[in-house]
Amino acid sequence: MPELQRLHDGHSPAVLAFELANRAYFAASISDRGDDFFDQFTDRFNASLAEQEAGICAFYVLVAEDGSVLGRFNLYDLEDGTARLGYRVAERVAGRGLATAAVQELCRTATAMHGLLTLRAATSHDNAASQNVLAKAGFVPVGPAAPADLGGKSGTWYLCDLRPTVGASPRPRPRPQPRS
């Protein structure tokens, strides 16, 4: 069973392998990171760990039982109870509900571990899979995202209110079907 883990220095080789293996897949729906990202990967990875240590961001990876990275789930710009969510999932596991489950888990973690009250995320208009993940995780569209927000693509900003609703009752459980 894949596990959402907080990013640490031991993840570096698996994260690089994940990014390289999925580069073309990601570039089809989001902006390519460019050759500099890969040429300077170690420095960028270490800078991310430093940002995480400083409490500016929180980075997570979805790790398979074999130690490979199946996805990245990041909280950027943690400030005043809010953060921006970014994520990407490996092509080989896309469409299996892993991104939705990881985003839902990260929403719980964002509240419990980071004290966040709201999350924002942007996705391009042509990234239907990401739009579905956000909707299933409780995000609602709140306005247009400028091309500068999405690496040159236009899209939509989404918001998720992580605060529990006052007086909300738990979700109803399915009733068992009578046996005949």
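Quick check, is residue 18 crowded, with 18+ Cβ neighbours inside 10 Å and part of a helix (DSSP H, G or I)? The answer is yes for residue 18. Taking the criterion of being hydroxyl-bearing (Ser, Thr, Tyr) and touching a helix residue (DSSP H, G or I) at 6+ places or on another chain (Cβ under 6 Å), the residues of the stretch 4-55 that qualify are 12, 25. State yes or no: is residue 82 of a type outside the set (Gly, Ala, Ser) and either surrounded by 12 or more Cβ atoms within 10 Å (Cβ to Cβ) or touching a His at 6+ places or on another chain (Cβ under 9 Å) (or both)? Judged against the criteria, residue 82 is a match.
Looking at 116, 106 in this structure, which one is surrounded by 14 or more Cβ atoms within 10 Å (Cβ to Cβ), more than 11 Å from the chain's Cα centre (by Cα) and over 21 Å from residue 27 (Cα atoms)? Outline the logic, then answer.
Working: 106 fails: more than 11 Å from the chain's Cα centre (by Cα).
It is 116.
When the stretch 9-32 is filtered for residues that are acidic (Asp, Glu) and either in contact with an Asp or Glu (Cβ under 8 Å, 6 or more places away or on another chain) or touching a residue at least 24 places away in the same chain (Cβ under 8 Å) (or both), only 9 remains.
Each row is one residue, and each column tells you yes or no for (1) at pLDDT below 95; (2) β-branched (Val, Ile, Thr); (3) in a strand (DSSP E or B).
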residue	(1), (2), (3)
61	no, yes, yes
67	no, no, no
70	no, no, yes
73	no, no, yes
83	no, no, yes
95	yes, no, no
99	no, no, no
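For the stretch 140-162, the condition holds for no residue, the condition being that it is farther than 24 Å from residue 27 by Cβ, basic (Lys, Arg), surrounded by 11 or more Cβ atoms within 10 Å (Cβ to Cβ) and at pLDDT 80 or above.
Every condition in (1) at pLDDT below 95; (2) acidic (Asp, Glu); (3) within 17 Å of the chain's Cα centre (by Cα) holds for residue 3 except the one numbered (1). Being crowded, with 21+ Cβ neighbours inside 10 Å, in contact with a strand residue (DSSP E or B) (Cβ under 9 Å, 6 or more places away or on another chain) and under 17 Å from residue 133 (Cβ atoms) is the requirement here; does residue 93 meet it? No; evaluated as a whole, the condition is false for this residue.
The values are calculated or read from the model by the stated rules, or taken from the named source; none is laboratory data. All values derive from a computational prediction rather than experimental measurement. Cβ atoms come from the backbone with ideal geometry, glycine included; neighbour counts cover every protein chain shown.
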